[in-house]
1. Roughly how tilted is helix 381-414, in degrees to the nearest 10 and between 0 and 90, from the longest Cα axis of the chain?
2. Please work out the FRET efficiency for the pair Arg205 and Leu411, using the Cβ-Cβ distance as r and a Förster radius of 35 Å; give the result to the nearest 0.05.
3. Label Phe84 and Phe268 with points 7 Å out from Cα along Cα→Cβ: what is the distance between them in nm?
4. Over the chain, average the accessible area per residue using a 1.4 Å probe and give it in Å², no decimals.
5. For the chain, rounded, prolate or oblate, judged on the Cα gyration tensor with a ≥ b ≥ c (square roots of eigenvalues), a/c < 1.5 rounded, else prolate if a/b > b/c?
6. What residues qualify as long-range amide H neighbours of Arg420, i.e. H under 5 Å apart, gap of 5 or more or another chain, H built at 1.01 Å from N?
7. Assuming R0 = 22 Å, what is the FRET efficiency of Tyr312 and Leu393, from their Cβ-Cβ distance, to the nearest 0.05?
8. Based on the alpha-carbon gyration tensor of segment 1-153 and its eigenvalue square roots a ≥ b ≥ c, which shape applies: rounded if a/c is under 1.5, prolate if not and a/b is larger than b/c, or oblate?
Amino acid sequence: MSLPSNLHPDEASPPWLNKGDNSWQLTAATLVGLQSVPGLVILYGSIVKKKWAVNSAFMALYAFAAVLICWVGWGYRMSFGDKFIPFLGMPNVSLDAQYLIDRAFLGYLPNATMIYFQFVFAAITLILIAGALLGRMNFLAWMLFVPLWVTFSYTITAYSIWCPGGWLAKRGLIDYSGGYVIHLSSGVAGFTAAYWVGPRTTRDRERFPPNNILLMLAGAGLLWMGWTGFNGGDPYTVSTDASLAVLNTHVCTATSLLTWLILDYIFFGKPSVVGATQGMITGLVCITPAAGVVQGWAAILMGMMSGSIPWYTMMVLHKKVWFLKQVDDTMAVFHTHAVAGSLGGILTGVFAVPKFNRLFYMVTDWQHYIGLFYGFHDGRSTAGFRQLGVQLLGILFVVFVHATMTSIICLLISLVVPLRLSEEELQTGDDAIHGEEAYALWGDGERYKSKHNSVYEENARPPSTKGDDDCFKTFWGNLLSRPR
């Protein structure tokens, strides 16, 4: 039976390339990219006070661009390249034309597709860390933090857990799509960096209302829908397992959102929109390490736990534990990502289905990939306990690596530039830092001018000798005195 002409191998489509898989992988990567730009750019810019909208959104946008350059320069090969040390790959560039069109280490894809797909995961990790630092970090310090952290911290866990040669990968750790590499990592690193940077002003900590809840929901919606590519793209193939991962993702997320909403209603008497958004995020995070290896009923249970346990740690425990109260984590990434990511990793060790693990990992020796629940069911409780132990070991490793490396990076940066903004900048916000503001009210467009957004010289038009108020009065006086 002959193939259709469009499926015949040629120089641009070698025999190993699967066009369907490659198309989906590029689409999934773009969906994940949209979670960051514009998703988290919008979410961050709208969930903070008006005076921090530009700075918060720009921290996300800068990180997205900076990570890409580091990624193709050396980061990708450190995460997925040849072994350098047991937990890190050899640094090397990923820009050689022949290398980019060669087959990737997994899947029926070229390296160029795999580099792009893995880049958007690395980028969103840094952007999630930014959530803990909004409203007070020196932007120059952030510009230094991003390349240093992706180079010396992110690559370690990515190689150890996701690269086939990584030591935790060899032990059989199940992290379907980044519960450890992305979310636990960003939660721990964000909390640690927030400790070193210091808190927001007292006034901001006491009252920090969103400047635009509708835009916040738009950003949250992009984050939720983008997770279709986040979890659906990790089998690196268009498969039944990818479909399972997508459905489980949305089922868990919806359950988590509703659980958080009900708890807010019971204990605070009002259905909080911000709270529901947090519940959405914890559901997305919790299902991520398990998305394609658990059944639908397990996704429901995980959603109920991800909507309640992080809710408890954030709303109750945080106010009682002295150390937690000392760290100003603006977006509560410790609870929404570190706690929810750890919870998801542990529950993966409980609910992972052996058959689904075989579909995902495509290995014949898959005895290690069995959840504790199925270990009891199949009479293999030892293997189930071993899997749960590996999941816990992974949590300890990620916490140790990122708490240590983030502290070292922050301390090194503090030797060069202050980690925290000056008191004057903290009081003023965007206008003092960037010379720009998010929203222009009546007359603000005249007062807040940026010399970077016009092709005209500043003095191209003679300045008015009248003040803004005089111009305003003259305009309306002339208008009202006109004959009718």
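The values are calculated or read from the model by the stated rules, or taken from the named source; none is laboratory data. It should be emphasised that the depicted structure is a prediction, and the values quoted were computed from it without experimental measurement. In this analysis, Cβ positions are derived from the backbone assuming ideal geometry, glycine residues included, and neighbour counts consider all displayed protein chains. Please note that ligands, DNA and RNA were not included when accessible areas were found on the heavy atoms of the full protein model with its side chains. Shrake-Rupley method; radii C 1.70, N 1.55, O 1.52, S 1.80 Å.
1. On a 0 to 90 degree scale, this one is about 30.
2. Working: r = 24 Å, r/R0 = 0.68.
Approximately 0.90, to the nearest 0.05.
3. My value for the distance between the label points is 4.4 nm.
4. Values: 22250 Å² over 484 residues.
Heavy-atom SASA per residue in the chain reads 46 Å².
5. Values: a/c = 1.88, a/b = 1.54, b/c = 1.22.
Because a/c hits 1.5 or more and a/b exceeds b/c, the chain counts as prolate.
6. Amide H neighbours of Arg420, under 5 Å, 5+ apart: Asn138.
7. Numbers: r = 25 Å, r/R0 = 1.15.
According to the calculation, E is roughly 0.30.
8. Numbers: a/c = 3.48, a/b = 1.76, b/c = 1.98.
Oblate is the answer for segment 1-153, as a/c is 1.5 or above yet b/c matches or exceeds a/b.
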